[in-house]
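Student: This structure is in structure tokens; I'll ask about it shortly.
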Amino acid sequence: MAQIREIKKRIGAVGTITRITKTMQMIATAKFTAAGQRASASKPYAAMIDEMVRQVASKADDFTSVLIDGPAEKTGKELLLVIASDRGLCGAYNANTLRLALNTTRRGEIDTGVEVAGKKGMGFFRFQKIEVLQQHIIGDTPEYEAVEAMANSYLERFLAGEFDAIKVCSMRYYSPSKQAAEVTQLLPLSMPDKDDASSDEMEPVYDFSPSAAELLDELLPTTVRTLLFQLFNEAAVAEHIMRMIAMKAATENAKDFSRTLKRDYNRARQGKITTELMEVISGAAALE
């Protein structure tokens, strides 16, 4: 009897867990859809900025910029921004990103400072006893104004020669079935290849006013802001879809376990009934 009561309690607990994970799966699905729409909406702007930089760069002979060449005097220091999540239950999202970030910071030849976006990242580096220079609060719905302020701060610090390079470790979203943790170099930027800019689709000749160099001075910071915003958007999409997949798997596992418990419950109940029947039959036979 005690075993039957125990199994019945476990069935109830598993049913509660199933409802919770199913609800979390539905919420993650809705957030993934919204985040995917935001990321898709920002891609044409990012692509247009990249195309404009390529077109202008093809006309800027001998253009030099700290944003491309880096500081004149190297400090031997880099800054790594790690984009993690504020909440867990999203599969390997945080594990893959933080493992890659940890390996990046442990390279002995470079002094790498760490900044974090996301509570899970902050807790991880605190456990690893690695100093975090700053924690950014962006959330799973990145706002351009907040990301722009971060990018402006990085531009100022990079132009001041505080770091030789600024990189971002985040989860990149490629498709619903593929997300990968990657380190993307934010600064210095790589000068677009002029051979690419002189392809057939770039054949028309443009005259720029003001000069190409002046336009690049304006476009390059915009490129940095756009790239950082796109990285945050992709990280948000990857987080939601990985949480959706994790909660779907948890729901299916809970349902399978519930069926196993119900089978065990029915067997225990049937065994108890059989035992009681045998006791009744044995008692009746003894009275005859």
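Student: Would you mind calculating the gained length between ALA180 and ARG126 on full extension (0.36 nm times residue separation, minus the Cα-Cα distance), in nm to one decimal? The partial results should precede the final answer.
Tutor: On the way: separation 54, 0.36 × 54 = 19.44 nm, distance 2.40 nm.
Result: 17.0 nm gained on full extension.
Student: Another question, if that's okay. Could you work out which residue, out of GLU148, GLU109, GLU252, moves most in a Gaussian network model of the chain, that is, has the largest mean-square fluctuation with Cα springs under 10 Å?
Tutor: GLU109
Student: Related question: Which of the lysines could be linked to LYS255 by a straight reach, that is with a Cα gap under 20 Å, when you skip same-chain ones fewer than 8 residues away?
Tutor: Within the straight-line cut-off, LYS255 pairs with LYS8, LYS9, LYS22.
Student: Show that you can apply the helix-only estimate: for the chain, add -39,500 (n - 2.57) for every DSSP H stretch of four or more residues, divide by all residues, and state [θ] at 222 nm to the nearest 500.
Tutor: Values: 7 runs with 178 residues, N = 288.
That comes out to -22000 deg cm²/dmol.
Student: Setting aside same-chain residues fewer than 8 positions from LYS77, which lysines have a Cα under 27 Å from its Cα?
Tutor: Leaving aside lysines fewer than 8 places away in the same chain, those within reach of LYS77 are LYS119, LYS120, LYS129, LYS167.
Student: Could you give the radius of gyration (one decimal) and Dmax (whole number) of the Cα atoms in the stretch 1-55, in Å?
Tutor: In Å, with Rg to one decimal and Dmax whole: 23.6, 80.
Student: In square nanometres, what is the average projected area of the Cα convex hull of the stretch 80-196?
Tutor: Working: hull surface 36.6 nm².
Taking the Cα atoms of the stretch 80-196, their convex hull projects to 9.1 nm² on average.
Student: Run through the DSSP bridge list for the chain and note the antiparallel percent, rounded to the nearest 5.
Tutor: Values: 9 of 25 bridges.
Just about 35 percent of them are antiparallel.
Student: Something else about it: Once you keep just the Cα pairs under 8 angstrom separated by 6 or more residues, what percentage relative contact order results for the chain?
Tutor: Relative contact order for the chain comes out at 33 percent.
Student: Let me ask another. Mind ordering 87-99, 114-126, 42-54 by average Cβ neighbours within 10 Å, highest first? Write down the numbers at each step before the final one.
Tutor: Working: 87-99: 18.7, 114-126: 21.0, 42-54: 14.8.
My ranking of the peptides, most packed first, is 114-126, 87-99, 42-54.
Student: Here's something else I'd like to know. Could you pull out every residue, at least 5 positions away or on a different chain, whose amide H is within less than 5 Å of the one on ARG172? Hs are placed 1.01 Å off N in the peptide plane, and Pro or chain starts have none.
Tutor: Those qualifying (amide H under 5 Å, at least 5 residues apart or on another chain) are ALA180, ALA181, GLU182.
Student: What's the Cα-based Rg to Rh of the stretch 26-244, Rh via Kirkwood? Mind dumping the intermediate values first?
Tutor: On the way: Rg = 18.3 Å, Rh = 18.4 Å.
Using Cα coordinates only, the ratio equals 0.99.
Student: Related question: Rounded, prolate or oblate: which fits the stretch 1-133, taking a ≥ b ≥ c as square roots of the Cα gyration tensor eigenvalues, rounded meaning a/c under 1.5, else prolate when a/b beats b/c?
Tutor: Working: a/c = 5.35, a/b = 1.85, b/c = 2.89.
Taking the square roots of the gyration eigenvalues as a ≥ b ≥ c, the stretch 1-133 is oblate.
Student: In the stretch 1-34, whose amide N lies under 19 Å from the spot 7 Å out along Cα-to-Cβ of VAL280? List them in ranges.
Tutor: Counting backbone N atoms under 19 Å from the label point, the list is 1.
Throughout, read-outs are computed from the coordinates displayed, never taken from laboratory work. Predicted, not measured: the structure shown is a model, and the values here were computed from it. Positions of Cβ are backbone-derived with ideal geometry, glycine not excepted, and every protein chain shown enters the neighbour counts.
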